[in-house]
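Every number in this text was worked out from the coordinates using simple rules, so none of it is lab data. A quick note: this is a predicted structure, and the numbers were derived from the prediction, not measured. Neighbour counts are summed over all protein chains in view; Cβ atoms, including those assigned to glycine, are modelled from backbone coordinates with ideal geometry.
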Protein chains: 2
Amino acid sequence: MLIAEPLQKAIDELSKLPSIGKKTAQRLALHLLKSDLSNVEALVQSLTELKSKIRFCSSCFNLSVDEKCDICNSTKRDRSILCVVEEASDIIAIERTNEFNGLYHVLGGVLNPLANVGVDSLHIKELITRIDEKEIKEVILALNPDAEGDATSLYLIKLLKEYPLKISRIARGLPIGGDLEFADAATIGRAFIGRISL
Amino acid sequence: MLIAEPLQKAIDELSKLPSIGKKTAQRLALHLLKSDLSNVEALVQSLTELKSKIRFCSSCFNLSVDEKCDICNSTKRDRSILCVVEEASDIIAIERTNEFNGLYHVLGGVLNPLANVGVDSLHIKELITRIDEKEIKEVILALNPDAEGDATSLYLIKLLKEYPLKISRIARGLPIGGDLEFADAATIGRAFIGRISL
């Protein structure tokens with residue numbers, strides 16, 4: 001036996017994680033083996049609590065410790081604007097910008113017939129229920145700028161057109177700090193289509 | 001609060017691991033959050049057992065489940081040859097080659113005065129004890145080809161010269177599949193010094 005069995009098992013489990021290959025998993029496992037027991041216990045506890053303590057917000061499906069997430073519970077947020085995102089991780093990214101002060105709605109994915117993700121697999125029904133409550137005046141679609149994200153946006157636009165809402169989609173164009181020379185044709189094309197008159 | 005506290009904690013703990021930055025840690029934590037509970041439990045258990053079940057072989061300081069490691073316990077190994085390595089992970093790398101059938105001795109590091117690693121911090125005393133038992137006829141030094149590894153090798157050579165032993169050091173030269181054009185000068189120089197007459 002090349003590697004002691006508990007070490008091999010830890011390597012196997014670690015290499016199941018995304019972007020962690022066999023070699024990285026081995027390095028991580030050997031690092032943990034050399035670390036103090038308290039460090040490993042802290043990691044193990046944090047992973048256990050990650051699964052046991054976090055659930056989905058009953059209103060927007062953001063990650064939450066309580067029944068409703070901090071954003072839905074906050075009294076400082078504009079409850080008339082709703083930003084629709086694919087995943088809870090997108091909320092983290094948007095919150096970092098400090099550009100949005102409304103509420104969110106996490107779809108839990110995008111329409112993808114090839115992966116068997118249809119309308120019923122996403123939290124679209126719950127989105128409509130929230131809009132039916134009439135507090136929401138504006139919906140911003142912030143799905144990923146790819147084929148599935150675009151298809152889902154188009155579907156939602158069609159659906160939401162029935163309601164007296166302002167609907168918008170976040171802009172596509174050159175990323176800040178990006179280089180026109182190295183940007184792909186689709187991005188430059190979008191930047192031209194979405195040009196703003198000054 | 002941007003990120004739910006248990007998630008933030010898991011991200012913090014994961015990002016303490018080597019080669020895992022904040023962004024990777026967040027991706028890993030979100031992946032685990034989406035995974036089945038059984039997957040996370042398997043990972044957590046493997047990490048717990050990693051620390052609780054693995055100890056160091058009392059003879060060679062290799063990683064082991066029992067008091068002596070599988071290599072020291074094996075009846076198929078040549079007990080007259082000893083290969084000295086820095087870390088237990090080096091044994092895994094050497095065993096993969098199938099070129100060595102002797103026993104190992106893990107130093108647990110290399111001499112490094114700047115990091116306060118002296119002779120007493122390494123398993124050098126235990127190495128001498130094993131050699132005193134007179135079963136060993138040959139010692140192969142397989143430390144890393146860097147400044148500390150070289151210094152430690154030189155120290156060990158001086159120490160082992162007192163004993164009736166065949167002492168050798170693994171060869172340095174161009175790595176297999178390497179390109180002479182892109183090899184560094186030190187490596188090419190070593191390859192010339194270590195040339196083998198045909």
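The angle between the Cα long axis of helix A:22-34 and the main principal axis of chain A comes to about 60°, on a 0 to 90 degree scale.
Summarising the amide proton neighbourhood of B:Glu86: residues at separation of 5 or more, or on other chains, whose placed amide H is nearer than 5 Å comprise B:Leu107, B:Asn144. Each other copy holds its own label point for A:Asp184; taking that point as 7 Å from Cα along Cα to Cβ, the gaps run 3.7 nm, nearest first. For the peptide A:26-35, the mean number of other protein chain Cβ atoms found within 10 angstrom of a residue's Cβ is 5.
Taken over the protein assembly as shown, the percentage of Cα pairs per 10 Å bin, counting from 0 up to the bin with the maximum distance, is 4, 17, 20, 18, 14, 12, 9, 4, 1, 0. Ranking A:Ala42, B:His105, B:Leu143 by Cα position along the charge dipole of the protein assembly as shown, where only Lys, Arg, Asp and Glu carry charges on their C-beta atoms, puts B:Leu143 farthest toward the positive end.
Among the GluC sites (Glu not before Pro) in region A:34-90, those placed in a DSSP loop whose Cβ has at most 16 other Cβ atoms within 10 Å are A:Glu67. Can you give the angle from 0 to 90° between the axis of helix A:147-160 and the longest principal axis of chain A, with both taken from C-alpha atoms, to the nearest 10? Around 40 degrees separate the two axes. For region B:97-161, dividing the convex hull volume of the Cα atoms by the residue count gives 96 Å³ per residue. Amide H contacts for A:Ile167 (H built 1.01 Å from N in the peptide plane; partners 5 or more residues away or on another chain; cut-off under 5 Å): A:Val139. Taken along its three principal axes, the alpha carbon spread of region A:5-53 comes to 31, 24, 18 Å, from the longest extent down to the shortest.
Rg then Dmax, both in Å and based on the Cα atoms of region A:1-122: 19.6, 63. Label-point distances for B:Lys125 to the equivalent site in the other copies, using a point 7 angstrom along Cα→C-beta, read 7.1 nm when ranked shortest first. The spacing between region A:125-163 and region A:1-67, judged by their C-alpha centroids, is 35 Å.
Each copy carries a label point for B:Arg96 at 7 Å from Cα toward Cβ; from one copy, the others' points are 3.3 nm away, ordered from shortest.
Of all chain A C-beta atoms, the nearest to the rotation axis linking A with B is recorded, alongside its rounded Å distance, as A:Val44, 3. The distance between label points at A:Asp36 and A:Ile157 comes to 5.7 nm (points 7 Å beyond Cα on the Cα→Cβ vector). The simple spin-label model puts a point 7 Å past each Cα toward its Cβ; for A:Ser58 and A:Ile128 those points are separated by 2.2 nm.
Which of B:Lys51/B:Lys137; A:Lys22/B:Lys125; B:Lys76/B:Lys134 have a Cα-Cα distance over 23 Å?
Cα-Cα > 23 Å for B:Lys51/B:Lys137; A:Lys22/B:Lys125; rest within.
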